[in-house]
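One structure below.
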Amino acid sequence: MVETKEKETKRQFKAETKKLLDILVHSLYTHKEIFLRELISNASDAMDKLKFESTKGTDYVDKDLPLEINIWADKDKNLLFVKDAGIGMTRDELINNLGTIAKSGSEEFLKALSESKENVNNIIGRFGIGFYSVFMVAKKVVVKTKSYLKDEPPMQWESDGMGGYTVKPLKEEMKRGTIVEIHLKDDMKEYTEKYRLESIVKKHSSFISFPIKIENETVNTIKALWREPKSSIKKEQYVEFYKFLTYDTEEPLDIIHSSVDAPIQFSALLFIPKRNLDFWGLNREDYGLDLYVRRVLIQHKNKDLLPEYLSFIKGVVDSEDLPLNISRETLQEDIIFNKIANSVTSQVLSFLSKMAEKEPGKYKQFWEAHGKIFKLGYSDYANQEKYSKLLRFNSSSCKDEKELISLDDYISRMKKKQKEIYFILGNSRAAIELDPHLEIFKRKGIEVLYLFDPLDEFALTSLLKYKDFEFKSVDQADIKKISKMEDVDENIKEKEKLSKDDEKHFSSLMAKIKDILGDRITEVKESGRLLDSPAVLVNPDNSMSSTMQKIMHITGQTKSIPKKIMEINKNHPLIRNLIKVFKNDSNDEYIKTVAEQLYESALLMEGYLTDPHEMVNRINKLLEKSSDWYVTIKDLKK
C-alpha cells in the first residue's frame, strides 16, 4: 500500500500487540489515575523540546502561544482532553512515536518477558510505551497534533488499543502542539470530574515547570523550590513548602537544600521537623522522601532514599539521570539510585554534624525530638563513624538528667590508663545512681554513661567500640584493673581489717550463703567493687549482659532467672555483724534470713523479682524483731 501525506493510513498491530496492551493495562500500573501523570509528563517534555529548539535559534510557528498544559472534560460525551503547546509531531513522527510498540517493540518485549524472571516493571522501561497507559481508562484515543515546523500540516492518530491505528491529515485548522482526546470507558466517568483531575495533578504533577490548567484554572501553584537557587529563596517560601508537604503546623527545625551535578545530577530539599510527627508511634511505616524525575512525582514516600534511622527527615529528591521503567513506579536500575541514596544519607549526617558543632542548643533540640529513632542507625556500618559522633547520652558527670554529652566529650575526660567506655542501663538517673555496680566507679572517679533506653545498649554493643575504646557494661568491667586506679574521694576511710580468725569465718560464711542459696547462684565471693552496699549480683565472665537478659525475660523468651555470682562486701556493717553471728552459731536461722534477703534485694535491684510477697513478709518479721530490740535498748537506758 502506497502511503501519502494526503491519504488516511491504516496500520494493523501485530498479533502480539493485543496481549502486550493487556499486560500494560492490567499488570503495569498499580493505580489507573497514573495515565494522566504520563500524559502531563509527555506534554511537559514536548514543551521542553520546543524551548530547546528555540535556544538553538530554530524558527517555529505560533510563537505567541503560551507554554501551558490545558485539561478539560465533556461530561455529556464522557470525553477528557489534554492539550499542550509543545513541539508537536509530523506524520512520520506520529507513526514513530505512537506506533513504537506496533512497529518493533511488542515482539521484543514479549520475548524479554517470557525469558526473564524479573517482574514486568523491571523490563518494560526499555520499550518506550508509557503513552499506552491511557488505554486503562479509554476505549478510544484520538491524538491531534501540529508540528512546530513550518509547512507541516496538522495530523490525527486514532486507535482503540486493540486492532491497530490510523493516521490521517487533520481537516480543521490547528495551532502548534498536541491534543489527546480520550474517549473514556463507561465506568471511568470519574475522570470527567474537576475535583478528581485536580487531586491527580496535585498528587503527581504539582511541580511541573509549566502551568497546568484544569478548565482554565491553574492548579500547580507551588514552585519546585529544590530547583531554585538557594540565594533566591526566602525562609517564608521554605516554611510554606514544608507545611504543604507535611501538613505540620510548625515551621521546621532546619532545612537541607542541596544540588549535586557530578557524578550524578540530582537536587534535594529536606526538612528536619521540630518534633516527632509520629508522636504515638502508630504510623511507624509512614515515612520516606518523595522521589521526582524532572519535577514529575515518581514515588510518594520512597523508603529507600534514606535509612530507617533518618526516617524523621521529610522532603523531596529530584533526579535528572535516574533510569526508570515506563510506569515510573519501579526503578529500572539500582546502581544510580543507590548512589543517590548514599549521597543523600551522607549529606544529612554531615549537616547534623555541623549543627552539633556550631549550634549545640539546636542539636539538643533535635536529639530530644528524634534521638530515639536516630539510635536505630547502629547497623549502618558504612556511616558508622559519622553516626557514632552524633550519639548523645546522659552520664555520671552530668549535673542532671537533661544534660547530654557526646562520646568525644567522654573520651576527653577519661583516666590515663582507661581503655573502655563504661555504661549502665536504668529506668532513671535516680535509680541508676543507687545501683551497687557504680560504687567502685564513683570511688575511682570514672565517668559512666547513663542509658535510659534498652536501645542505647543495642547501639553501643553493636558498634563494639568508638575510636580505640571498647564499650563495656559496668557489670562486665574488669574490677581488678579498675581497683588499681587511685581513689578520688579523700573522705573514704579505710575500714578496720578483719582479724585472721574473722577472715577464715568470712570465707566459711560465704560458703554457708552459697549452701543456703544453692543453684540459684553460681558462687559467692568477696567483692572488690562495693563500698556502701552489702551485696550485689554480678554476671559470670563471658556471659550475656544484664540488659539482654532482662529483654529476653520481658519479651517472654525465657522465664528463668539468670544464675549470677553473689559478691559480698566484707566491710559493710551488716556483713561484719553476720560474721559475729556465724562465729557464735553457724546454723543460726538469722543467717538464712539475711542470705535470702540479700539475694532477693539484689534481684529486686536487677529487675527480676516478680513475686515480692516472701520478701515483704521477711522484712516485716525483721522489723518486728528489730523494733523489740530497739524498745529493749531504750528501756535499759532509762
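The values are calculated or read from the model by the stated rules, or taken from the named source; none is laboratory data. Bear in mind that the values here come from a model prediction, so they are computed numbers and not experimental data. Here the Cβ positions follow ideal geometry from the backbone for every residue, glycine too, while neighbour counts run over all protein chains shown.
Within the stretch 10-61, being under 27 Å from residue 79 (Cβ atoms), modelled with pLDDT of 85 or more and polar (S, T, N, Q) holds for 41, 42, 44.
Residue-level analysis places residue 426 outside the set of residues that are surrounded by 17 or more Cβ atoms within 10 Å (Cβ to Cβ), farther than 18 Å from residue 473 by Cα and either within 18 Å of the chain's Cα centre (by Cα) or of a type in the set (Gly, Ala, Ser) (or both).
Of everything in the stretch 172-199, what is in a loop (DSSP other than H, G, I, E, B) and among the aliphatic types (A, V, I, L, M)? Give them in sequence order.
Looking only at the stretch 172-199, we keep the residues that are in a loop (DSSP other than H, G, I, E, B), and these are 172-176, 185, 193.
Result: 174, single match.
Need at least 1 residues that are more than 15 Å from residue 459 (Cα to Cα) and acidic (Asp, Glu) per element, so show me which helices (runs of 4 or more DSSP H) inside the stretch 361-436 make the cut, counting only ones lying wholly within it. Quick ask: steps written out before the conclusion?
On the way: elements: 384-390, 407-412, 429-433.
Of the helices (runs of 4 or more DSSP H) lying wholly inside the stretch 361-436, those with at least 1 residues that are more than 15 Å from residue 459 (Cα to Cα) and acidic (Asp, Glu) span 407-412, 429-433.
Taking the conditions exactly as written (within 28 Å of residue 290 (Cα to Cα) and assigned by TED's automatic domain parsing to the domain that holds residue 40), does residue 191 satisfy them or not? For residue 191, the condition - within 28 Å of residue 290 (Cα to Cα) and assigned by TED's automatic domain parsing to the domain that holds residue 40 - is met. Scanning the stretch 570-607 for residues that are in contact with a strand residue (DSSP E or B) (Cβ under 7 Å, 6 or more places away or on another chain) and closer than 15 Å to residue 499 by Cα yields a count of 2. If you go through the stretch 320-335 and keep only what is surrounded by 18 or more Cβ atoms within 10 Å (Cβ to Cβ) and modelled with pLDDT of 70 or more, you end up with just 322.
In the stretch 165-206, which residue that is polar (S, T, N, Q) and closer than 29 Å to residue 9 by Cβ is surrounded by the fewest Cβ atoms within 10 Å (Cβ to Cβ)?
Narrowing the stretch 165-206 to residues polar (S, T, N, Q): 166, 178, 192, 199, 205-206.
Checking which are closer than 29 Å to residue 9 by Cβ leaves us with 166, 178.
On the way: 166: 13, 178: 26.
Once the filter is applied, the top-ranked residue is 166.
Annotation note: of 464, 451, the sole residue that is surrounded by fewer than 14 Cβ atoms within 10 Å (Cβ to Cβ) and within 17 Å of residue 390 (Cα to Cα) is 464. Evaluated against (1) over 47 Å from the mean Cα position of the chain (by Cα); (2) in a helix (DSSP H, G or I), residue 570 falls short on exactly one condition, (2). Of all residues in the stretch 233-260, those that are touching a residue at least 12 places away in the same chain (Cβ under 8 Å) have Cβ atoms under 8 Å from Cβ atoms of residues that are among the acidic types (Asp, Glu), 6 or more apart or on another chain, in 239/251; 242/248; 242/251; 245/290.
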